[in-house]
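A quick write-up on the structure given underneath.
Values quoted throughout were computed directly from the atomic coordinates according to the rules given, and no laboratory measurement underlies them. These figures come from a predicted structure and were not determined experimentally. Positions of Cβ are backbone-derived with ideal geometry, glycine not excepted, and every protein chain shown enters the neighbour counts.
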Amino acid sequence: MHEFDRDDPLLGPPDAIAEPLVDPQLEYLPIDQLSWENFERLLLRVAQDVGGLHNVRRFGTPGQAQKGLDVIGINGDGKAEGIQSKRRKTFTKTHLDDAVRKYTESEFPFPFARLAIGVSKQVAEREIVEHLIDLNVTLAPLEIEIWDQDALSRMLRPHPQIVTEFFGPATATRFCGEHTVIAVEIAGADAVATAAAVIRGPLAHVGGHEKLKRAEEIADSDPAGALALYQDVQALLTGAGFPAHAAEFDERVAHLLVATGAEADAVALVMERLWVAERTDDWLSVQVAARALKSLAGLPEFGPEGPDDGTSPLLVGAARVAGFIADNLHQPVPMELDLPTEELQHLSPGDRAQTVLFAAERALANDDLGWLESHAKVLSECVSETNSSHEDVALRIELVLAELTGDWKELLHRARTATRRDLGALTLARYARYTMWKGDYVEANRAYEEAINHACLAHRHEDAADWLYSQRLVMNRHVPVSEDKWHPLARSLSNLPSRPRLVTSATSSRENALAALHYDKKRSAAIHLRRYLCDSIRSGNLSDEIDARMLLGGLYVQTNDPLLAVRQMILSRDYEAVRSVAQDLGDSYLDVRDLIASPVSWVVATAFEFVAAEADLVPDALVDELIESALSAIDDVSSGKRPDSPVFSPQIVGSAYKMIGALSERLNSGHAVAVLDSLSGHVTAREHHYWRTDESHIRIAAGIAETRSDETASVALDHLMGLFARRAHPFGIKAKGALKQNLQAVGPRLQELADGGHHEAHALLASTDEVRIDPEDALAAANRLQKPTSNSFGRYAEGTRAINDSLLARSLAPEQRIACIEMLLQNARSPFEGSSNRQTYLIATANLSEDLDDEHRRRFLADLVDFVENPPPSQPDMFNASMTDPLGMMRWAGTLDSRSAAVLAAACFAREADEKDQVRDLAIGLISVVGEDDIYLAEALQAVKDDLSDLAPLLAQAGWAMRSVAAIGWARSPSMPAELGERLSRDPDARVRRSIATAIRDHPSPHSDHVREVLQADPRWSVRSILL
C-alpha cells in the first residue's frame, strides 16, 4: 500500500469552527457551513472514531489522481473501505453516478468492501435513493453509502467530543445534550520509551546486542573487558526499567568475576539474587541461584559430590548454603533443619545472618523450640555481627531469641525509643503475638495498640490493618464485644497509600494455596499454606496465623497426616473439625497433653474437645492425669486465675466437662466426688433456663451411676434425676440405662414425675418390666395412638409421641391394642407424613405386637410387607428431597426412606417359619437400597433368625450393622469358622467389636477363647471393659 505522509494537513485539527445561529435544539449539524478541508477532516474522523476504521489516511496528494477516493482505511475484517468527499450545494443522481464511476473505472491493488460518499447537504430525493439501492445490487459485494447531513448528524450525536472540535461547545451542548468531555492523556517520554522497549525487546532498545556479542568474543582472552561490557549492558537495562532482564546475565557476570579473582563479589551477586527470590517466595529463582553457585564452585548439578569436587572453600560453602535454602524453602510438612554451620563460616556476615534467620523463622513456624535452643549461640553471634550493617535482619533474629527466652525488656525499650519506627512496630507486634500465646490477652491488646500506632506513623498501613484484625481476634475471644470497631478501621487503612509490608513480599500465598486445592494439587497447596503460616508468624499477624493453621489442618486431614492435622486444628481452635478427625483416626491414640497444658484458652478447650472425641482410646494410665488437668482448668477459670471466652466456643469449662463426661465411666472415687461437687449448683435451674454444662452433666452423672455402687453413685443418681426432671437435655440410651439399672432407687421419683405429667418418665417406666403401668395412663396413651394424623396438604409437622405412647399402651389387652395398630399403620401410609414420622409409627406397631390373634397378626404382617414392597408416596419426603442441594439456603439431612423400620415391625409380627423367611428376604433385599449400616435391618434379622450361621459369611462383608449381626451369630454358633471370629474381633469399627465382645460374654464357649483374648487387649476401653 502507498506510504502516506504523517504530516498531511488533513490529519490536523480543523482550522475554523462553524457556529450556527442560536437555536434551542438542533436537529442537524451545520455540516454545509464547514470549509472543504474541514469537511474532509470530519469525514476522516467519522471513519476512524465512529466507523472503527484503522490506518485511516488521505488518499493522494493535491494534484495527484485520486481514483474517486479522498480517504481510505481498513475495517475490523481487514478489508479496505474508501470515502469520497462531495461538498456541494446540490447533489443529483448524476453526481452520484459520477462519484461511483470514478471509483469503478479505476484500478486498485486491493478490493474495497465499502464506498462512502460524503455530502455536506441533506440527500433525500426519491430517485437518488432508488438509484443508490440499484447500484448496491449491481455492484455487490461492494457496499455504497451516502453520508449526507442527516446520516452524519445521526452518527455524531453520541460523540460530543468530535462535535465540539468541529462545531464548538455551544453546538455540542445544543445538539448532543449535556455531556462531559474526557481529556486525552498524553503519554510521557518514559511511557513511550517503555512501549518501544516492549515491542522491540529491552536488549535491542538499549543497544546491547553488539556489546554482548563483543563480550562473548573476548571472554576467554580478556575476562575483565568482557565483565565490563556485561556490567554496562546490565546498567543500561536497569536504567531503562528492566532489572529482571539485567539479572538474567548475573550468572555470566559471576563467572567472569571468578575468572578475574573476585570470588567474594561473585558470591555476593548471586546470594543477593537468592535473598530477593526468598523474600518473594520465588522457588524457581532460588533454584537457579543455587545451581549457579554450584557451577561456580565446580560441584555437580545433580548427584553426590566427589572428593575432588569444588574449587574454593568460599564458593563451595556458598553453594551448599544456597542448596540448604532451596531444599527448605518449599517443604509441605515440617522438616528437621540441618543448618550448614561449617559452610556458613566462609560467607559474609550478612549472608550468614540471613541464612540463620531463614532457618530460625522456619523453626518457629514448625513450633520447634528445641531447634532454637540448640542454635541459640549461633543466633546471638549473628546479631552481634550484623547489628550495624543489617539492622532489620539482626532485629528479626533478636525477636526469635526473645520468643525462645521470653526476655523482651531491652527490645521493647528500643522499639519505643531508639529503633527505626517501622521496625519498632514489628517488635511490638511480635511481642503482642508472643504474649497472647502465653495467655496474657491484656498485654497482647496493649502491644498491638502500640504496634498499630507505630505502623501508621511509618506509613505501613497494610501491616497496621493486619494487626487490627489480630487485635480484634484477641479481644473478641476474651471480652464481650457488641460492636466491631476494628474492621472499618482496617478497611480504611487498606485504602490508604502504604509502604510495602515489613517482612515479606509474598502477598498471595493464601490465594495460591486455595487455587492449588481447587486443582487438587495438595503438595503445592501445603507449600503455599506453610509460607502463609511462616509469614504471618514472623510479621506478628495472629489473625492470619490462626487462619493458616486452620487451613493447614484441613489439608493434612486430606493427605492422611492426622498428627500434623490435629496439632494445627487445636492451635487454631478448629474444635468441630478436630472432633471429626478423632472419629476418623481408627484405633490410634494421639497424645495432646502438652497442648492441654497451654496457657491459651482456646488451645486448652480445643484439646479437651479432641480428647473427648478419642476418649475411648485413652490408655488407662493417663485417665487420672487428664481428669486432674480438666478439674484444675475448671477451678482456674472459676477463680478468675485463668481467662476464658465469655461468648465464643470452645470454652475451657464446657470442653473440660465434655472430656470428663467421655471418661466418666473410668473416674476414680476422688475424681467422681470432685466432679459431682463442682456440678452440684447446676442440677437445678430457673424455669426456661439451662446450663451450658447440661449435656456433659447428664453423661457424667450417668457414667458414675452405672459404674459405681457407693455413696457417690447415689449422689450421681440425684444429679441425674434432677436433670431428668427439668428436661435439661435429651437423655440418651446410656443415661436412660443408668436410671433403669438403678430403678429400685429412682423408681418412686420417676413415678412421681410421671404422675405430674412428665411424658419421658412415663415412657421410661413403661419400658421396664418391673413397674406396673397405671391403666388410666395406658388408656390415655391408647386414645392418643388412635387419633389420625393432624398433618394435611401443605402442613407437615415433624415429630410424634407414638413410641412413648406405645410403651404405655402395650400393657393393654390385645383387642385394645389392635385399634391402635390399625391407626398407626393408617398414619404411616398417609401421604402427608414424612419418613421420620413414619418410622415412629412403625416402631410403635412393633411395640404393640405381642399376643395378637393370628387373624390380625397376619393382616398386619401382610400390610407391613406391602408397605415395604410398595412404599406409599410421601409429600414431605418429596419436599425434603428438594432440599438436598448443598448450596441451598435450607438443607434436609434426615431420612427419606422408612422401609427398614417397616421390615423391623414385620419381624415382630412374623411367627411361622415361612413368615420369618419372607421378612429375612425383605431385609437382605433392602441392604443394598437403604444402606448396609441400617440398624433396623440388623435388628430384624436377629428377630427372625436364631441361627445366623448360614448368613454370617455374607453379612460379614457388609456394613458395620450387618457385620455386628455376623459377629453375634459367630459367638453363638461354635460350628462357624474360627477365622471369621478372628477377623471380626479385629474389625476396624469398634461397634462390631463391642457386639462380638458382648455376645461372647453372654454366650461363653471354648471356641471363642482366643477371640476373647484379642478383645481383652483391644485399644478401646468400651470393647475390652466388656470382658474384663
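Things worth noting here:
- Ordering of 812-824, 315-327, 168-180 by packing is 315-327, 812-824, 168-180, highest average first (other Cβ atoms within 10 Å, averaged per residue).
- Over the chain, relative contact order from alpha-carbon pairs under 8 Å, at least 6 apart, %: 4 percent
- Computed over the Cα atoms of the chain, the ratio of the radius of gyration to the Kirkwood radius (Rg/Rh) comes to 1.14.
- Cα gyration tensor, the stretch 9-176 - rounded (a/c under 1.5), prolate or oblate: prolate
- Inter-site label distance for E483 and R88 at 7 Å from Cα along Cβ, in nm: 7.8 nm
- Each residue of the stretch 557-569 was assigned a 3J(HN,Hα) from its phi angle through the Karplus expression (A = 6.51, B = -1.76, C = 1.60, θ = phi - 60°), giving 5, 5, 8, 6, 10, x, 5, 5, 4, 5, 5, 5, 5 Hz with x at Gly and Pro.
- Computed 3J(HN,Hα) for the stretch 605-615, one whole-Hz value per residue from the Karplus formula 6.51 cos²θ - 1.76 cosθ + 1.60 where θ = phi - 60°, is 5, 5, 5, 4, 4, 5, 4, 4, 6, 10, 4, glycine and proline marked x.
- Annotation: the residues K438, K377, K211, sorted from fewest to most other C-beta atoms within 10 Å of their own C-beta, follow the order K377, K438, K211.
- Dipole magnitude for the chain: about 1680 debye, using +1 per Lys or Arg Cβ and -1 per Asp or Glu Cβ, origin at the Cα centre.
- Here the label points at E178 and S1022, each 7 Å from Cα along the C-beta direction, are separated by 7.4 nm in the simple model.
- Principal-axis analysis of the Cα atoms of the chain puts helix 960-972 at an angle of about 30° to the longest axis.
- Under 20 Å from K916, Cα to Cα: lysines that are on another chain or at least 8 residues apart: K945
- Entry note, the chain: the mean residue ellipticity at 222 nm calculated from DSSP H runs of n ≥ 4, each adding -39500 (n - 2.57), is -18500 deg cm²/dmol after division by the residues and rounding to the nearest 500.
- Listed pairs K409/K658; K213/K294; K736/K787 exceeding 32 Å between Cα atoms: K409/K658
- Amide proton proximity set for I146, modelled H, under 5 Å, gap of 5+: I117
- With respect to the chain, whose longest principal axis is taken over its alpha-carbon atoms, helix 990-1002 is tilted by about 10°.
- Each part reduced to its alpha carbon centroid, the stretch 295-367 and the stretch 744-784 end up 78 Å apart.
- Check: the stretch 529-582 dipole with +1 on Lys, Arg Cβ and -1 on Asp, Glu Cβ, in debye: 140 debye
- Computed FRET value (nearest 0.05) for V50 with Q345, which takes r as the C-beta separation and R₀ as 60 Å: 0.25
- Sequence ranges 140-151, 270-281, ranked by mean other-Cβ count within 10 angstrom, highest first: 270-281, 140-151
- With the charge dipole of the stretch 335-405 set up from +1 on Lys and Arg Cβ and -1 on Asp and Glu Cβ about the Cα centre, the Cα lying farthest toward the positive end among the listed residues H390, F358, S374 is that of H390.
- Whole-Hz couplings from phi, Karplus 6.51/-1.76/1.60, listed for the stretch 620-635; x for Gly and Pro: 4, 5, 9, 4, 4, 5, 5, 5, 4, 5, 5, 5, 5, 5, 4, 5
- Annotation note: chymotrypsin sites (Phe, Trp or Tyr not before Pro) in the stretch 678-770 located in DSSP loop regions with a Cβ neighbour count of at most 15 within 10 Å are Y690.
- Residue separation of V276 and E107 scaled by 0.36 nm, minus their Cα-Cα distance, works out to 54.5 nm of gained length.
- Among the GluC sites (Glu not before Pro) in the stretch 286-349, those located in a DSSP loop and surrounded by at most 11 other Cβ atoms within 10 Å of their own Cβ are E301, E336.
- In a simple Cβ point-charge model (Lys, Arg +1; Asp, Glu -1; nothing else charged), the stretch 304-421 has a dipole of about 740 debye relative to its Cα centre.
- Our summary gives the stretch 948-1028 a relative contact order of 26 percent, counting only alpha carbon pairs under 8 angstrom and 6 or more residues apart.
- Positive-end extreme of charge dipole, the chain - chosen from A215, Q826, A247 (charges on Cβ): Q826
- Compared with the direct C-alpha span, the chain from I133 to S221 gains 23.8 nm at full extension, assuming 0.36 nm per residue.
- With contacts taken as Cα pairs under 8 Å at a separation of at least 6 residues, the stretch 893-1005 carries a relative contact order of 20 percent.
- Comparing L808, A763, A844 along the charge dipole axis of the stretch 743-850, the residue lying farthest to the positive side is A844, per the Cβ-charge model.
- Sorting 442-453, 776-787 by average packing, meaning the other beta carbons within 10 Å per residue, from highest down gives 442-453, 776-787.
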